[in-house]
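Since the structure comes first, as structure tokens, the remarks are kept for the end.
Nothing in this text is a laboratory measurement; each read-out follows from the coordinates by a stated rule. Computed from a predicted structure; not experimentally measured. Every residue, glycine as well, gets a Cβ built from its backbone with ideal geometry; the counts of neighbours run over all protein chains shown.
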Amino acid sequence: MSTIPLTVIGAGKLRAELHEMKTVQRPSVIVAIAEARAHGDLSENAEYEAAKERQGFIEGRIAELESKLSNAQIIDPALVDANGACVFGATIELEDMVNATTVTYQIVGDDEADIKEGKISISSPLARALIGKHPGDIAEVLAPGGVREYEILDVKYV
């Protein structure tokens, strides 16, 4: 499996979720299964089936998180020195060339992406168009509504 790029903050969030799954979710579902078993006949016990299904989800998510963290390449954007280029972890201020609005995005891993927080996935069309560009460059992005152009105003590594 290839490496998964994550920022330090993103890796911390995945570790926190893994800890929550192992220390809170897993034990609570084990208790729920034991309680459902105590109700008798398992063949017609909806509580038991729901608890087993929940346990399957939790175990699957634990395995997924462990896999992602073991294959993670953790990058601290504050330590990146890319001479002003747009790279993974960089925070980029852009101006939409059509409507002259300014937006700021950070390029992060797929699991960290959240447009409401201004974090875009490294695999998104916009991030792909920005990688390697410098302030003053124009990035062309093929969007569903056609080609959009963004001027790169500033690149920070924070």
Roughly how many Å is it from the Cα centre of segment 1-24 to that of segment 61-76, as a whole number?
6 Å
Determine which residues of segment 5-30 fall in the zone a paramagnetic label at PHE57 would reach in this model, i.e. backbone nitrogen under 13 Å from the point 7 Å along Cα→Cβ.
25-26, 29
Where nothing but the Cβ of Lys and Arg (+1) and of Asp and Glu (-1) is charged, how large is the charge dipole of the chain around its Cα centre, in debye to the nearest 20?
320 debye
Could you tell me which of VAL108, GLY146, ALA72 has its Cα farthest along the dipole of segment 1-151 towards the positive end, charges placed at Cβ (Lys, Arg +1; Asp, Glu -1), taken about the Cα centre?
ALA72
Sites LYS156 and GLU17, calculated FRET efficiency, Cβ-Cβ separation with R0 41 Å, nearest 0.05
0.90
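Work out how much length ALA50 to ARG26 would gain on full extension: take 0.36 nm times their residue separation and subtract the Cα-Cα distance, in nm to one decimal. Please list the in-between numbers first.
Values: separation 24, 0.36 × 24 = 8.64 nm, distance 1.40 nm.
Using 0.36 nm per residue and subtracting the Cα-Cα distance, I get 7.2 nm.
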Relative contact order %, the chain, counting alpha carbon pairs below 8 Å whose residues are six or more apart
24 percent
Long-range lysine pairs (8 or more apart or interchain), the chain, Cα under 24 Å
14
Here the FRET efficiency for ILE138 versus ASN71, based on Cβ atoms and R0 = 35 Å and rounded to 0.05, is 0.50
Hey, how many Å between the Cα centroid of segment 111-158 and the Cα centroid of segment 41-58?
44 Å
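Helix check for the chain. Which DSSP H runs span at least 30 Å along their own axis by Cα, with a mean Kyte-Doolittle hydropathy no less than -1.0?
Details: long enough: 46-70 (36 Å, -0.74).
Sorted by number, the helices that extend far enough and score high enough are 46-70.
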Among [x] 1.18; [y] 0.98; [z] 1.52, only one was calculated for this model; which label is it, if the read-out is Rg/Rh (Cα atoms, Kirkwood Rh)?
[x]
